[in-house]
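The values are calculated or read from the model by the stated rules, or taken from the named source; none is laboratory data. Computed from a predicted model, the values in this text were never measured in an experiment. Every residue, glycine as well, gets a Cβ built from its backbone with ideal geometry; the counts of neighbours run over all protein chains shown.
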Amino acid sequence: MATYIDTPSRTFNEYLLIPGYSSAECVPENVDLTTPLVKYKKGQESTLSLNIPLVSAIMQSVSGERLAIALAKEGGLSFIFSSQSIESQAAMVRKVKMHKAGFVTSDSNIKADQTLTDLVALKEETGHSTVAVTDDGTAHGKLLGIVTSRDYRVHRMDPNTPISSFMTPFKDLVYGDESITLTEANDLIWDNKLNTLPIIDKEGNLVSLVFRKDYDSHKQHPLELHDKAKRLLVGAGINTHDYEERVPALLASGADILCIDSSEGFTEWQARTIRHIKETHGEHIKVGAGNIVDRAGFRFLAEQGADFIKVGIGGGSICITRETKGIGRGQASALIEVAAARDEYFAETGVYIPICSDGGIVHDHHMTLALAMGADFIMLGRYFARFDESPTNRIFVNGTYMKEYWGEGSNRARNWQRYTATADKKLVFEEGVDSYVPYAGSLRDNVGVTLAKVRSTMCNIGSLTLSQMREKATLTVVSSTSIVEGGVHDVLQKDSHTFSTT
Ligand code: IMP
C-alpha cells in the first residue's frame with residue numbers, strides 16, 4: 001500500500017512569522033547575512049560562504065555572465081546555465097572570472113561616421129554621457145576616440161555632424177593596457193585629471209572603461225564576493241550526462257563551485273556524477289546536488305558526498321511538472337522537512353550540509369520565510385529574470401516593459417539533460433513554459449530593497465544572523481480569512497503604487 005503523509009503540502013504564502021523580543025542592538029545595520037555555501041565539520045568554518053543568501057537559477061533566461069557579475073558584486077552567486085555547449089558555458093565562466101572590479105564593459109558605443117543625432121538618441125537610450133567610438137560600434141571594437149557631453153552642443157551644431165569631427169581622437173587619449181591594476185588605473189585618472197580611462201588590448205581594441213566616479217568601487221560594493229585573488233566568485237551548472245567532458249572544462253575556466261541541475265535529485269545518476277567528480281578531480285571540488293523534497297532524498301545525497309543540497313520540485317514560477325506528472329511538494333513543507341533532516345544529520349555526524357530552497361519565491365517576504373524555515377540560501381529564477389542584467393530581451397507588451405523568462409523544461413530551452421535519464425536528446429513533453437515577467441530595473445537596486453526587508457524582519461524577531469533567526473523564529477499557519485486581513489482591506493486605496501519590488 002502507498003504511504004500517505006497526513007499533513008497537507010504547504011506553500012510560503014500559508015505562513016507568517018510571529019514577532020519576538022528585539023533588544024536595542026537589533027537594528028538592520030547590525031544584521032549579518034553571511035551564510036555557508038558548502039558543507040563543513042562541527043567547529044570548523046565553511047570554505048566557501050555567501051555574503052547574502054541569494055543565488056541565481058541555473059537557467060538560460062537568468063544566469064549569464066552579466067547577471068553573475070552583478071550578483072557577485074552584491075555578495076551572492078550565480079550558477080551559469082548548463083543547457084548550452086561546453087565551450088560557451090566555459091567562456092561565460094571565464095568572463096566572470098576575468099572581470100575586474102572597477103573595470104566596466106562600455107555599454108554606450110558608436111561608430112565614427114555616425115552623427116550627432118545618433119549620439120543624442122544613444123544617450124537618451126542608455127542615460128550615459130561617456131560614449132566610446134569604435135570601428136564597429138561595439139564594446140570591444142578598435143578604439144577610435146571617446147565622446148562626452150563636453151564635446152558637443154546640441155543646439156549649436158548641425159545634427160548631421162559626424163562623430164569623428166568632435167570626438168577626442170585616440171591619439172589624444174590617455175589609456176591603460178589590459179594588465180593594469182585598478183590602483184594604477186586610478187593613479188592615471190588622478191594624475192591626468194580624467195573622468196574616464198579606456199583600457200585597450202595589444203591590438204588597440206577596447207576592453208573596458210574605468211570611471212573616476214567608481215574610484216572607490218569597494219565602498220559601493222562592500223559585500224562583493226570574491227576569491228583570494230580578488231576575482232569574483234562564480235558557479236556553474238552541470239548535468240548527469242556529459243559531466244566527464246563538461247566538468248574539466250568548467251574547472252579550467254575557473255568555476256568556483258558546481259551544481260547538478262536536474263528536476264529530480266534522488267537518483268543513481270546524481271550519485272554517479274558526484275562520485276566521478278570527487279574521484280577524478282578531488283574532494284576539494286565542490287558540487288551541489290538536487291533537487292529533493294524530503295528527508296530520504298536529503299540523506300541519500302548527503303551520503304553520496306553532496307556539498308550542498310537543493311530543495312524543491314514543482315514550485316518554480318514557470319514550472320508545470322506538478323500538473324504534467326503529478327509529482328512535487330509544496331515548497332514550505334519540503335523545506336521544513338529537509339531542514340529538520342539537515343539538523344538531524346549534523347547532530348548525528350557533526351557534518352553541516354547547507355540546503356538551498358529552490359523556486360517558488362513570489363514576494364520578498366517569502367525569502368525571509370524560507371530563511372526562517374531553515375534554508376541556508378535561496379535560488380531564484382523569476383526574481384532575477386526581471387532585472388536589466390538577465391540575458392533576455394526587454395519587450396514592450398500592452399504598455400508595460402516586460403522581460404522574457406522561460407523554463408528549462410520548455411520547448412524553447414530544450415534542456416533534455418535536466419529531465420531525462422536517457423541520451424535520446426529529446427524532450428517528449430514540456431515541464432515548463434515560456435513567459436514574460438515585469439521588468440524591474442537594476443539588480444543592485446532591487447536586491448538592496450529586498451534585503452532591507454529581510455534585515456528588518458530579522459530584527460523584528462530579535463536576530464542578527466541567519467542561524468539566530470532559524471533558532472528564534474516562530475511561524476504560524478494562516479487561515480484564508482487572515483490572509484485577507486493581511487492585505488489592504490476595507491479602504492479605497494488612493495494610489496496602488498507601492499515600493500515593493502515583487
Ligand atoms: P522561480 O524562482 O520560481 O522562477 O523558480 C526557478 C526554479 O524553477 C529553477 O531554479 C529550477 O529549479 C526550476 N525550473 C527551471 N525551469 C523549469 C521548468 O521548465 N520546469 C520546472 N521547473 C523549472
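Here are the numbers for the structure shown:
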read-out: Residue match in segment 290-299 (condition: aliphatic (A, V, I, L, M), surrounded by fewer than 22 Cβ atoms within 10 Å (Cβ to Cβ) and out of contact with any His (no Cβ under 6 Å at 6 or more places or on another chain)); value: yes
read-out: Boolean, E344 is within 17 Å of the chain's Cα centre (by Cα) and farther than 19 Å from L54 by Cβ; value: no
read-out: One residue from K213, K219, K193, K228 being of a type in the set (K, R) and at pLDDT 90 or above; value: K193
read-out: Matching residues in segment 422-449 - criterion: being assigned to a helix (DSSP H, G or I), within 16 Å of the ligand (Cβ to nearest atom) and touching a Phe, Trp or Tyr at 6+ places or on another chain (Cβ under 8 Å); value: L443, N446
read-out: Hey, R418 more than 9 Å from the ligand (Cβ to nearest atom) and farther than 30 Å from G462 by Cα or not; value: no
read-out: Subset of segment 388-412 [under 12 Å from the mean Cα position of the chain (by Cα) and within 15 Å of the ligand (Cβ to nearest atom)]; value: S390, P391
read-out: Selected residue [closer than 24 Å to T11 by Cα, surrounded by fewer than 13 Cβ atoms within 10 Å (Cβ to Cβ) and touching a residue at least 12 places away in the same chain (Cβ under 8 Å)] from T481, T450, T476; value: T476
read-out: Residue within segment 348-361 that is of a type in the set (D, E), modelled with pLDDT of 95 or more and surrounded by 20 or more Cβ atoms within 10 Å (Cβ to Cβ) present; value: yes
read-out: Segment 273-304, residues that are in a loop (DSSP other than H, G, I, E, B) and out of contact with any strand residue (DSSP E or B) (no Cβ under 8 Å at 6 or more places or on another chain); value: G282, E283, H284, D294
read-out: Residue that is farthest from the chain's Cα centre (by Cα) [pool: residues in segment 49-59 that are surrounded by fewer than 23 Cβ atoms within 10 Å (Cβ to Cβ) and in contact (Cβ under 8 Å) with a residue 60 or more places away in the chain]; value: N51
read-out: Any chance T324 is more than 23 Å from S467 (Cβ to Cβ), away from the ligand (no atom under 13 Å from the Cβ), more than 24 Å from the chain's Cα centre (by Cα) and among the β-branched types (V, I, T); value: no
read-out: Of residues in segment 252-283 being farther than 16 Å from D242 by Cα, buried (at least 17 other Cβ atoms within 10 Å of the Cβ) and among the acidic types (D, E), the one farthest from the ligand (Cβ to nearest atom); value: D256
read-out: Within segment 143-180, considering residues that are under 36 Å from the mean Cα position of the chain (by Cα), surrounded by fewer than 16 Cβ atoms within 10 Å (Cβ to Cβ) and in contact (Cβ under 8 Å) with a residue 24 or more places away in the chain, the one nearest to A229 (Cα to Cα); value: E178
read-out: Criterion (touching a Lys or Arg at 6+ places or on another chain (Cβ under 9 Å) and in contact (Cβ under 8 Å) with a residue 24 or more places away in the chain) met by exactly one of G290, G297; value: G290
read-out: Strands (runs of 3 or more DSSP E) (entirely within segment 76-176) containing at least 2 residues that are over 30 Å from L380 (Cβ atoms); value: 131-134, 143-147
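Let's see how each residue does on (1) among the hydrophobic types (A, V, I, L, M, F, W, C); (2) over 21 Å from L251 (Cα atoms); (3) in contact (Cβ under 8 Å) with a residue 12 or more places away in the chain:
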position	(1), (2), (3)
L16	yes, yes, yes
G20	no, yes, yes
D32	no, yes, yes
Y40	no, yes, yes
L71	yes, no, yes
S83	no, no, yes
K97	no, no, yes
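Yes/no per residue for (1) acidic (D, E); (2) within 13 Å of the ligand (Cβ to nearest atom):
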residue	(1), (2)
E348	yes, no
I353	no, no
C356	no, yes
M367	no, yes
M373	no, no
F377	no, yes
R386	no, yes
